[in-house]
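See structure below.
The values are calculated or read from the model by the stated rules, or taken from the named source; none is laboratory data. Since the model is a prediction, treat every value here as computed from it, not as a measurement. Cβ placement follows ideal geometry from the backbone for every residue including glycine, while neighbour counts extend to all protein chains displayed.
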Amino acid sequence: MKPSLSPSTAAMLTLAPLLWAGNAVVGRLISDWVPPMTLNLIRWLLAFVLLLPLAYRVLRRSSPVWTHWRRFIVLGLLGIGCYNALLYLALQTSTPINVTLVGSSMPVWMLAIGALFFGVPATRRQVAGAALSIVGVVVVLSRGEWGQLLALRLVPGDFFILLATIAWAFYSWLLVRTTEPASIRNDWAAFLMGQLVFGLGWSSLFAGAEWASGMGTPIVWGAPLLAALAFIAIGPALLAYCFWGIGVRRAGPNLAGFFANLTPLFAALLSAAFLGEAPHLYHALAFALIVGGIVVSSRR
């Protein structure tokens, strides 16, 4: 399928960052209630249960998933086992401004990994779009005051979110390098279930290592945590992965990478909403720059 950006594709690639921004905000709020690797495991266990009625056929012995197990074990590692676990781990030690700043390098990693590992060179328009998009993110993070950026101090969490961003870039490119049959590829629930089957193994391994190393802390159960778990399992897990997977296959990883830069903008707006602060002029400027980057990179 030739990459294209239809209104429905743009909507999907916009809703995914919105849900992931909510995931970052909620993940920060519950960081003291549940360890990061354990949170990632619980999130995907809930998603597995919710997805089971739609994709139980994937678990049958005759399923193509078992034939293509090498592909799904890698997708499960990068998308299920690593990305959100590293994100939650980063939120334990890093500030939201640092995490989103490092995460804003997503378009650059998309272009670089595509050129180096998948034989897809970046065009001048894509490079220009990446520059515009990153400037928009910097405007959000600096709140229109460049002194905010000069005060940044790197911590271990910044390294974890960098690893998460690189893992997600590889994951997104692998989405369009399809080898599985259309019965799996064109059914988002079956495709995600194929990743979950192996991703839960990786998530369990990482959570077990967390507790074995003494880094695990007692989980603070209660209604707020249960509500947060329900949100991240339904929204950022199931719906966002569905939207992103379809959007990447339609538009291509390079163009989709620019939409990922909407995440810090949405995170800033959601944080402002929770804090009761009105949006500022720099939010509008950042939105214009990020969307400008998307438009420039998507023009033929």
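Observations on the structure shown:
- If you go through the stretch 189-220 and pick out every residue that is in contact with a helix residue (DSSP H, G or I) (Cβ under 7 Å, 6 or more places away or on another chain) and modelled with pLDDT under 90, you end up with 1.
- Filtered residue count, the stretch 87-129, keeping only those that are among the small types (Gly, Ala, Ser) and modelled with pLDDT under 80: 5
- Test for LEU132: is it modelled with pLDDT under 90, crowded, with 16+ Cβ neighbours inside 10 Å and outside any loop (DSSP other than H, G, I, E, B): yes
- Members of the stretch 137-183 found to be among the acidic types (Asp, Glu), closer than 25 Å to THR93 by Cβ and at pLDDT 75 or above, listed by number: ASP158
- Helices (runs of 4 or more DSSP H) wholly inside the stretch 11-84 containing at least 2 residues that are under 16 Å from GLY201 (Cβ atoms) and of a type in the set (A, V, I, L, M): 36-55, 69-75
- When we screen LEU45, LEU19 for residues that are closer than 20 Å to THR263 by Cβ and either surrounded by 17 or more Cβ atoms within 10 Å (Cβ to Cβ) or at pLDDT 95 or above (or both), the only hit is LEU19.
- Pairs with Cβ under 9 Å, 6+ apart, first in the stretch 217-238 and touching a residue at least 60 places away in the same chain (Cβ under 8 Å) and within 20 Å of LEU52 (Cβ to Cβ), second among the basic types (Lys, Arg) and assigned to a helix (DSSP H, G or I): LEU229/ARG43; ILE232/ARG43; ALA233/ARG43; PRO236/ARG43; ALA237/ARG43
- Subset of the stretch 227-269 [surrounded by 24 or more Cβ atoms within 10 Å (Cβ to Cβ) and farther than 26 Å from ARG177 by Cα]: ILE232, PRO264, LEU265, ALA267, ALA268
- Pairing residues of the stretch 75-99 that are farther than 21 Å from LEU269 by Cα and of a type outside the set (Gly, Ala, Ser) with residues that are at pLDDT below 90 and surrounded by fewer than 23 Cβ atoms within 10 Å (Cβ to Cβ), at Cβ distances under 6 Å and at least 6 apart in sequence or on separate chains, gives GLN92/SER31; THR93/VAL155; THR93/PRO156; THR93/GLY157.
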